[in-house]
Amino acid sequence: MPMNILNGLPTDQLDVRHRALAYGDGLFETCRVENGQIRFWSEHRQRLNEGARRLQLNWASADQDQLEAELTAAMPADSGVWVCKILLLRQYPGRGYDFDPQQQRCDRLIQLSPYQPAAWQMSAARVVSSAVPASINPALAGLKHLNRLDSVLARQSARAAQVDEALLGLSDGCLVEGTMCNVFIKTGQHWQTPPLDQAGVNGIIRRRWMRLGQLTEANWQMTDLPQADAMLLGNALMGLVPVAEVDGQPLTLPSPDELAQLRNLIGIPSD
């Protein structure tokens with residue numbers, strides 16, 4: 001059964017005046033839980049702390065300790081796979097965009113629900129380029145903040161085309177990401193991913209792969225994607241998923257051995 005825990009207390013309510021509702025003023029992490037443990041927790045924690053710093057949230061080490069204690073208490077005891085969404089929400093009295101850095105505080109919201117992967121996440125995805133551009137803002141690029149309306153609108157491109165995922169690009173046609181994942185492109189023997197200095201979310205899988213030195217950043221025009229030697233989608237929840245088709249054109253799938261090697265390299269256990 002889904003659970004919602006706000007500042008350590010079970011609840012299904014949030015103040016209707018909350019800045020998270022009015023402005024999307026906050027951050028979130030979407031984590032995979034197996035056997036009562038968050039996969040890649042150290043990376044999620046690092047990104048959460050980085051985001052809190054960049055958004056100037058009132059978030060100290062004591063708050064981090066409290067969050068981890070609440071997560072430990074909330075973890076399901078069964079051996080199933082769960083989704084854990086962690087949100088940090090800026091709370092400040094009154095209305096308006098401004099806030100006093102000394103008077104603000106940070107609400108911690110934990111949401112837990114059983115994970116039901118889509119069928120394509122267990123095999124291969126069909127994707128389409130969306131006409132909805134990624135929101136460009138270097139001050140927010142890379143963050144997993146609560147303002148995700150470009151992804152919301154781009155998802156309708158996938159629905160209209162009856163495919164699994166939609167890709168977002170910049171106004172010049174350069175690929176950024178999927179609506180809920182990073183994109184990895186193979187050319188020759190090398191894997192590349194778009195830079196995220198203008199837009200997009202720096203995902204956990206992308207971070208881990210980049211840190212290993214076996215993934216490089218490169219600009220790809222969305223119109224050139226059908227010429228890729230292979231393509232993968234990745235996020236912390238679904239891991240790595242091959243792309244079978246982009247904009248109606250088939251792609252070569254990576255071999256099962258190569259995919260297994262990549263998953264092992266990044267630290268994704270075989271399901």
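The values are calculated or read from the model by the stated rules, or taken from the named source; none is laboratory data. All figures in this text were calculated on a predicted structure; none of them were measured in a lab. Positions of Cβ are backbone-derived with ideal geometry, glycine not excepted, and every protein chain shown enters the neighbour counts.
Quick check, is Leu112 surrounded by 19 or more Cβ atoms within 10 Å (Cβ to Cβ) and over 20 Å from Asp25 (Cβ atoms)?
On the way: surrounded by 19 or more Cβ atoms within 10 Å (Cβ to Cβ): yes; over 20 Å from Asp25 (Cβ atoms): yes.
So Leu112 fits the description; yes.
Scan segment 196-212 and report the pairs whose first residue is in contact (Cβ under 8 Å) with a residue 40 or more places away in the chain and whose second residue is surrounded by fewer than 18 Cβ atoms within 10 Å (Cβ to Cβ) and assigned to a helix (DSSP H, G or I), with Cβ atoms within less than 7 Å and a gap of 6+ or a chain change.
Every condition considered, the pairs that remain are Leu212/Leu265.
Check Thr72 against each of (1) modelled with pLDDT of 95 or more; (2) touching a helix residue (DSSP H, G or I) at 6+ places or on another chain (Cβ under 9 Å); (3) hydroxyl-bearing (Ser, Thr, Tyr); (4) not assigned by TED's automatic domain parsing to the domain that holds Glu245 and name the one condition it does not meet.
Here Thr72 clears every test but (2).
Yes/no per residue for (1) farther than 16 Å from Phe28 by Cβ; (2) more than 14 Å from the chain's Cα centre (by Cα); (3) at pLDDT below 95:
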| position | (1), (2), (3) |
| --- | --- |
| Pro133 | yes, yes, no |
| Ala141 | yes, no, no |
| Lys144 | no, no, no |
| Ala154 | yes, yes, no |
| Ser157 | yes, yes, no |
| Ser171 | yes, yes, yes |
| Thr179 | no, no, no |
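Keeping to segment 36-60, report how many residues are under 23 Å from Phe99 (Cα atoms), in contact with a Cys (Cβ under 9 Å, 6 or more places away or on another chain) and in a helix (DSSP H, G or I).
Matching residues across segment 36-60 total 1.
Is it fair to say Ala20 is surrounded by 15 or more Cβ atoms within 10 Å (Cβ to Cβ) and more than 20 Å from Gly203 (Cα to Cα)?
Working: surrounded by 15 or more Cβ atoms within 10 Å (Cβ to Cβ): yes; more than 20 Å from Gly203 (Cα to Cα): yes.
Taking the combined requirement at face value, the residue satisfies it.
Which of the strands (runs of 3 or more DSSP E) found entirely inside segment 180-239 contain at least 2 residues meeting this: surrounded by 21 or more Cβ atoms within 10 Å (Cβ to Cβ) and aliphatic (A, V, I, L, M)? Before the answer, list the steps.
Numbers: elements: 182-187, 190-193, 230-235.
Correct list: 182-187, 230-235.
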